[in-house]
Amino acid sequence: MARRFTVIFKDDITMLVYDVIYFEPKQIEEIKAIAAEYDKDALRKAEKYGIPISYLTDNQRNIVLEEKEKMLRSHSAEELKNKNIIQIGSHSLERILERIGSIEENVIIDLITRLKMTDAITQAQFKGFPSLSYSLIESGSPEKYTFAISFVISKRKVRFIKMITVHLNSDKLEKVHFRASEVNLDYYRKLANLKEQIIERNKKDDSE
């Protein structure tokens, strides 16, 4: 078992994979095989959530949930957002806007609160990044949200949780939101503002 190992992509780029779990030999070989099938950038664009690995052990699932709980439990949703303990990826923000129709502060805070309440993992995915993404749900909740998250260490060696995307488990509802967005000018204004926010945030991150 190992927490760190190296993969080689199809374009001969090497990358160190490291995460909060210890990987079994079969999982390491599986992830190496996925990497070998893709150029690094192509893999990151191939799937929105990543390519699922075949299994997680119960112990690995517990480690992920315990790590999430350890990082989040002593902070309010507002603190988690403002202190950048939870960072929301650009794709996640776009999907929130598309599905829910808003990226206002109260919406983001509500989603972070829901993420804190998740207690089960449906699968793990490899997307060509150093850490896996994990799909989390709140078991027994009538509102079926799935959060894809990863545990990331910044250049300053600070660990944070990246919310990669949010999926509302209703294809019908998602299609309704998408059709509405096609004719909603306010949606496009919000999307344009969102992209500006992402650009400014990336500039800030690069300068730190």
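Considering only residues that are in contact with a Ser or Thr (Cβ under 8 Å, 6 or more places away or on another chain) and among the charged types (D, E, K, R), which ones fall in segment 38-89? Answer for segment 38-89, where residues must be in contact with a Ser or Thr (Cβ under 8 Å, 6 or more places away or on another chain) and among the charged types (D, E, K, R): Lys48, Lys68.
Being without any contact (Cβ under 8 Å) to a residue 24 or more places away in the chain and either among the small types (Gly, Ala, Ser) or closer than 14 Å to Ser150 by Cβ (or both), is that true of even one residue in segment 58-70? Within segment 58-70, none of the residues are without any contact (Cβ under 8 Å) to a residue 24 or more places away in the chain and either among the small types (Gly, Ala, Ser) or closer than 14 Å to Ser150 by Cβ (or both). Against the conditions (1) open to solvent by 20 Å² or more (accessible area, probe 1.4 Å); (2) closer than 15 Å to Ile149 by Cβ; (3) in contact (Cβ under 8 Å) with a residue 60 or more places away in the chain, Glu98 satisfies every one except (2).
Against the definition (at pLDDT 85 or above, under 21 Å from Val107 (Cβ atoms), open to solvent by less than 30 Å² (accessible area, probe 1.4 Å) and not in a loop (DSSP other than H, G, I, E, B)), how does Thr146 come out, yes or no? So Thr146 fits the description; yes. For segment 69-94, enumerate the residues that are closer than 15 Å to Met163 by Cα, of a type in the set (S, T, N, Q) and not in a strand (DSSP E or B). Correct list: Asn82, Asn84, Ser90, Ser92.
For segment 113-143, the tally of residues that are surrounded by fewer than 21 Cβ atoms within 10 Å (Cβ to Cβ), under 18 Å from Val7 (Cβ atoms) and small (Gly, Ala, Ser) stands at 1.
Sort out which residues of segment 15-65 are surrounded by 13 or more Cβ atoms within 10 Å (Cβ to Cβ), of a type in the set (Gly, Ala, Ser) and part of a helix (DSSP H, G or I), and write them in order of number. Across segment 15-65, the qualifying residues are Ala35, Ala42, Ala46. Just one of the listed residues (Ser131, Ser102) is out of contact with any His (no Cβ under 6 Å at 6 or more places or on another chain), polar (S, T, N, Q), modelled with pLDDT of 55 or more and over 18 Å from Asn62 (Cα atoms), namely Ser102.
Scanning segment 32-52 for residues that are closer than 13 Å to Gln125 by Cβ and under 18 Å from the mean Cα position of the chain (by Cα) gives Leu43, Arg44, Ala46, Glu47, Lys48, Tyr49, Gly50, Ile51, Pro52.
Taken together, Lys172, Lys162, Lys116, Lys203 contain a single residue that is assigned to a helix (DSSP H, G or I) and at pLDDT 75 or above, which is Lys116.
The values are calculated or read from the model by the stated rules, or taken from the named source; none is laboratory data. Computed from a predicted structure; not experimentally measured. Cβ atoms come from the backbone with ideal geometry, glycine included; neighbour counts cover every protein chain shown. Note: accessible area is taken over every heavy atom of the protein model, side chains too, but ligands, DNA and RNA are not part of it. Shrake-Rupley method; radii C 1.70, N 1.55, O 1.52, S 1.80 Å.
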